[in-house]
Amino acid sequence: MSIDARYPAISDLRARAERRIPKFVWEYLDSATGNEATKARNRAALDAIGFTPSILHGEITPNLTTTLMGETYPAPFGVAPVGMSGLVWPDAERTLARAATRAGLPYCLSTVATQTPETVGPLTDGRGWFQLYPPRDPEIRLDMLRRAHESGFSTLVLTVDVPVASRRERQLRSGLTQPPRLTPRLLAQVALRPAWAFETWSHGMPHMRTLDAYSSDTSARDSTAHVGYLLRTSPDWDYLTWLREHWQGKLVVKGVLNPADAPRLQEAGVDAIWVSNHAGRQFDAAPASITALPQIRAATRLPLIFDSGVESGLDILRAIALGADFVMMGRPWHYALAALGRDGPAHLIDILTRDMIANMGQLGITRPTWLRRQIG
Ligand code: FNR
């Protein structure tokens, strides 16, 4: 049976991923915070967006080519930053960076990755994005920017929706600590997932390489706190101004939901706004990202990047219809990797592309942005 017949949708990849990775890893990847109401809202609000097809459009050839911040991509989607990606599947960062770049799509490396900027940047052909959890120490800050730039990252993404750590109760219940410690309980969960255990041990246990490289304070590694939280601060508008002055490449601010923030971001000189509620992982009373999107679209001319809960090509079309210029995904890429290993990312690209094209055919449109005419 072909890969497409066995795993035709992201839900199939998700189901297989859950069967293949240990419980605590699954909970890390899939959980949100609180009662997971924001996560549920993301899905419900996307599902609620419908389009009424019109008829007799004749043969059409959909064109997914999209330009964002001066770069042209063959499709309007890419890989959002996911911390500890390499815990989900070994070598996840490099596998995803390679697969996305091969397909001409953007890959964004997290600050809290299991790889360094130096090991991933060169795989992105100078088109990679680097996500910043803002370090407090100006020296570490400058060093991070320098290393990201010298490693070939052209776009910096400042994440602003993690001013403090969130709880993610499902993660806590599974026994996962920060930093992860292999307790007998977690080892028992690992023993039930031999494929993951084999792959992980043959690659060497993942650890927070990016931050180890930045942290001269070795006591941080022994602490019960995640080394990332020791380094990062809660940024303010002055921090953003400082960053704009010190980063010559494209600058994106990720985690925006309030339309009142958009004009101020534009004034601060950012190149794009990333509308996101962090997939419901930070604040359980946040609006669905898709609900916030049209108001932010109305408040700024800046390009808008969108994420949170996108699970199909149709969802990508929905986001573009409501004002997004580009759509990123976090979990789906990791479901694909955990389900199918190295073949996963290319299969996910295939699923999303085919689904976009099929739905555009139903609607008789050749460019996704034409959908904006059908809304409001
Ligand atoms: C994330 N996200 C995230 N964002 C960020 O800016 N830096 C990070 O290190 C992480 N880490 C992270 C870990 C995991 C396990 C997940 C699931 C998510 C958020 C991510 O970039 C993105 O906003 C959401 O994942 C998008 O929602 P979907 O596509 O996962 O539904």
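No value in this document is a laboratory result; all are computed from the given coordinates. For clarity, every value in this text was computed on a predicted model and none was experimentally measured. Positions of Cβ are backbone-derived with ideal geometry, glycine not excepted, and every protein chain shown enters the neighbour counts.
Let a ≥ b ≥ c be the square roots of the eigenvalues of the Cα gyration tensor of the range 237-361; is it rounded (a/c under 1.5), or, if not, prolate (a/b larger than b/c) or oblate? Before the final figure, lay out the partial values.
Working: a/c = 1.95, a/b = 1.63, b/c = 1.20.
Judged from the Cα gyration tensor, the range 237-361 comes out prolate (a/c at least 1.5, a/b above b/c).
Prolate is the label for the range 82-125, because a/c, from the alpha-carbon gyration tensor with a ≥ b ≥ c as root eigenvalues, is 1.5 or above and a/b exceeds b/c. Descending by average beta-carbon neighbour count within 10 Å, the peptides 254-264, 105-115 line up as 105-115, 254-264, the highest first. For the range 3-374, the alpha-carbon coordinates run over 66, 49, 39 Å along the three principal axes, in decreasing order. Give me the distance between the Cα centres of the range 318-370 and the range 60-119, rounded to whole Å. A separation of 13 Å, based on Cα centres. Mind giving me the nanometre distance, one decimal, between the label points for ASN63 and THR233, set 7 Å out from Cα along Cα→Cβ? With each label placed 7 Å out from Cα toward Cβ, I get 4.7 nm. When ASP238, ASP12 are arranged by Cβ crowding within 10 Å, least crowded first, meaning fewest neighbours, the order is ASP238, ASP12. Extending 7 Å from the Cα toward the beta-carbon at both GLU71 and ARG185 defines two label points whose distance is 4.1 nm.
Taking the Cα centre of each part, how many Å lie between the range 137-192 and the range 1-59? For the range 137-192 versus the range 1-59, the Cα centre distance is 24 Å. For ARG354 and GLU150, the difference between the fully extended length at 0.36 nm per residue and the C-alpha to C-alpha distance is 69.8 nm. Spin-label model, GLU245/ARG6: points 7 Å from Cα along the beta carbon direction are separated by 5.6 nm.
A Förster distance of 25 Å, applied to the separation of the beta-carbon atoms of ARG367 and ALA346, puts the FRET efficiency at 0.55. Based on DSSP H segments of at least four residues, each scored -39500 (n - 2.57), the chain has a per-residue ellipticity at 222 nm of -12500 deg cm²/dmol.
By the rule of a C-alpha distance below 27 Å, with chain neighbours fewer than 8 residues away ignored, the lysines paired with LYS39 are LYS23, LYS254. For GLY323, no residue has an amide H sitting under 5 Å from its own, ignoring neighbours fewer than 5 places away on the same chain, with H placed 1.01 Å from N. Multiplying the residue separation of ALA197 and ASP47 by 0.36 nm and removing their Cα-Cα distance gives an extension gain of 50.4 nm.
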